[in-house]
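Structure record follows, encoded as structure tokens.
Values in this text are rule-based calculations from the coordinates and carry no lab data. No experiment lies behind these values; they were computed from the predicted model shown. Quick reminder, even Gly has a Cβ in these numbers, built from the backbone with ideal geometry, and neighbours come from all protein chains shown.
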Amino acid sequence: MSGTQGEVRPVLEVRDLDVDYGARRRRRRALHGVGLSVVPGETVGIIGETGSGKTTLARAVLGLVRPSAGSIVVDGEEVAGHSRRQWRDLRRRGVVQYVFQDPLRSLDPDLTVKASLTEPLLVRGVGADEAADRVRTLLDRVRLDEELLDRLPGEISGGQRQRVAVARALVTEPRLVILDEPVSALDSANRVQVLEILKELRDSGTALVFISHDLGSVAGIADRVAVLYRGELVETGPVRDVVNAPTHPYTRLLLSSAPTLRGDAPADRAEREALRALLHA
Ligand SMILES: Nc1ncnc2c1ncn2[C@@H]1O[C@H](COP(=O)(O)OP(=O)(O)OP(=O)(O)O)[C@@H](O)[C@H]1O
Ligand SMILES: [Mg+2]
């Protein structure tokens, strides 16, 4: 042991990450030189407009797309060059989990809610009784009624489904959960409720990467925020600093579209137009 206090090993460390889609002449760079570090218990928001590379970053961290260059260290393990088998083993350990915008993509449509939540426990050798107990506790945590246990994902509402997706992500007691637009498809009542559940999750010490195109939903939950613009991270910092003193023109543009966050007068249209012109010059 080195005994150095304050040196916390990140649960996720991404360095100089490039991701390209398409082969040869159709090759397009989706991420370039991205670096990001998340320590245990921290919530980092990733924001950026459509096509900026947010989902690509999530997919790279989850092993769903192979990076062209760079390093991704998950809980101390370099995963950027992992084979499919290594990824399978890593997934089985359940260290990193995910929730997508569309819960039907996070859930197996042919499994009942009960099966979705119980199977990961049974695979890990947890006994049936204890598994049932833990699933009950989880349902409580995401405010779902036990009567939904025997339904399929297609037989419950969108808000309930997203709560099942959150519960499924938590079954393995992950150290890190990647949330890709977890509330964007929900109506405002469900959005508020799911955000509450995610805040409780954050407060319980699980590290979260919270992806959104909307700074407003991220600002209330994240410790730090990273701004993606055209595949590059242009700004990273504590939410308060980024909101009050953005350094990149794109961040200023994002903020001028969400003026209530700064608590001062809404930026006028001329300012927004000027920033837009600057960005797209
Ligand atoms: N499977 C794919 N094949 C080729 N190009 C892709 C693929 N997926 C994404 N892209 C491209 O990569 C870029 C980044 O896409 P990505 O889905 O990461 O953006 P995003 O920030 O998540 O956008 P949104 O807010 O719309 O979800 C875009 O230009 C997109 O068209
Ligand atoms: Mg996306």
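Quick notes
- Set against the 2.2 N^0.38 Å expectation for a compact globular protein, the range 1-149 has a Cα radius of gyration ratio of 1.25.
- Springs between Cα atoms under 10 Å define the GNM used for the chain, and in it the highest mean-square fluctuation of G22, G205, G237 occurs at G22.
- Rel. contact order, % - alpha carbon contacts under 8 angstrom, at least six apart, the chain: 24
- Lys, Arg +1 and Asp, Glu -1 on Cβ, resulting dipole of the chain about Cα centre, debye, nearest 20: 1120
- Rotationally averaged projected area of the range 111-171 (alpha carbon convex hull; nm²): 3.6
- Structure remark: mean-square fluctuation, Gaussian network model of the chain, C-alpha springs under 10 Å; the largest value among E235, E181, E42 belongs to E235.
- Local electrostatic count at A207 - Lys and Arg +1, Asp and Glu -1, tallied over other residues with Cβ under 11 Å: -1
- Put in order of Cβ neighbour count within 10 Å, fewest first, the listed residues D129, D18, D150 become D129, D150, D18.
- Structure remark: mean-square fluctuation, Gaussian network model of the chain, C-alpha springs under 10 Å; the largest value among R175, R141, R124 belongs to R124.
- Degrees between helix 269-279 axis and first principal axis of the chain (Cα, 0 to 90, nearest 10): 80
- The chain: calculated mean residue ellipticity at 222 nm from DSSP helix runs of at least 4, using -39500 (n - 2.57): -11000 deg cm²/dmol
- Hull volume per residue, based on the alpha-carbon atoms of the chain and their convex hull, is 162 Å³.
- Antiparallel DSSP beta bridges within the chain, percent to nearest 5: 55
- Between the range 131-153 and the range 4-67, the C-alpha centres lie 32 angstrom from each other.
- Dipole of the range 1-116, positive end: most advanced residue of A58, S106, S83 [Cβ charges, Cα centre]: S83
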